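To start, the structure under review is shown below, and the notes come after it.
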Amino acid sequence: VRLGDKALNTLAAHKIVEQGLILVPEGRRLFGGLSVLDNLVMGAYSKRAREVRADTLKLVYELFTLLEERQDQRANTMSGGQQQMLAVGRALMGVPRVLMLDEPSLGLGPIIVENIFDTVQKMNRQGVTVFLVEQNARQALELAHRAYILEQGRIVGTGTGQELLHDDRVLEAYLGICPAPTE
């Protein structure tokens, strides 16, 4: 496993983060007893992230204004959607080159989901590579430059997000749409 010219498979987790590969895991895994601000600061653990922590915190607060308003609140007292914003914000504090998100919309309301996906799109436009595993196929494919369809651990389809959004097999199997019969 490589990121650029650097082999990652032999590195400790903190060294992988230092290279810019950052994960937002399914289930968020926040430090529940710590404040929002403390959780965000924990995301800026690596040397390169600490050097720009103030600027990155400002960016995270611009993306998720609620986090700034609740910076003193304990993470475990927030709603699931607010916790997901915090988990993404914490990952952004690490100044990712590659941001991996595992089911970021799972169990969240539509407004929070839209906010999370808007943020992901903004980060991608700023040069962050995003690797997204997502059960909301339509939303994921609308964002994706490149997409892979996995079934039981095997790649069964690949293409641009737009190509797969218009693929009859994908429409039927993953989006619940029966394509119109062709004559």
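The values are calculated or read from the model by the stated rules, or taken from the named source; none is laboratory data. In this text, all values refer to a predicted model and were calculated from it rather than measured experimentally. Backbone-built Cβ (ideal geometry, glycine too); neighbour counts: all protein chains shown. Calculation scope for accessible area: heavy atoms of the full protein, side chains included, ligands and nucleic acids excluded. Shrake-Rupley method; radii C 1.70, N 1.55, O 1.52, S 1.80 Å.
Annotations
- In order along region 101-112, the phi-based Karplus estimate (6.51 cos²θ - 1.76 cosθ + 1.60, θ = phi - 60°) of 3J(HN,Hα) comes to 10, 9, 6, x, 9, 4, x, 9, x, x, 5, 5 Hz; Gly and Pro are listed as x.
- R0 of 30 Å, Cβ-Cβ distance residue 135-residue 77: FRET efficiency to nearest 0.05: 0.65
- With 0.36 nm allotted per residue and the present C-alpha distance subtracted, the residue 68-residue 158 stretch has 28.5 nm of extension available.
- Globularity index of the chain, i.e. its alpha-carbon radius of gyration over 2.2 N^0.38 Å: 1.12
- Farthest toward positive dipole pole in the chain [+1 Lys/Arg, -1 Asp/Glu at C-beta], among 108, 131, 7: 7
- Accessible area (Å², per residue) of the chain, counting only protein heavy atoms and a probe of 1.4 Å: 59
- Amide N of region 53-82 lying under 17 Å from the label point, which is placed 7 angstrom from the Cα of residue 45 along Cα→Cβ: 53
- Length available on full extension from residue 97 to residue 111: 0.36 nm per residue minus the Cα-Cα distance, which gives 2.4 nm.
- Surface composition of the chain: carbon and sulfur make up 51 percent of the accessible area, probe 1.4 Å.
- On the basis of the beta-carbon distance and an R0 of 45 Å, residue 169 and residue 122 show a calculated FRET efficiency of 0.90.
- Helix-derived mean residue ellipticity, 222 nm - over the chain, DSSP H n ≥ 4, -39500 (n - 2.57), to 500: -12500 deg cm²/dmol
- Binning all Cα-Cα separations of region 63-123 at 10 Å, short to long from zero, yields these whole-percent fractions: 21, 58, 21, 0.
- Computed from the alpha carbon positions, the gyration tensor of region 8-57 leads to an equivalent ellipsoid with semi-axes of 20, 16, 8 Å, biggest first.
- Between region 112-164 and region 50-107, the alpha-carbon center distance in angstrom: 20
- Backbone phi angles across region 44-53, fed through the Karplus curve with coefficients 6.51, -1.76 and 1.60 (θ = phi - 60°), yield HN-Hα couplings of 9, 6, 5, 4, 5, 6, 4, 5, 10, 4 Hz in residue order; Gly and Pro are listed as x.
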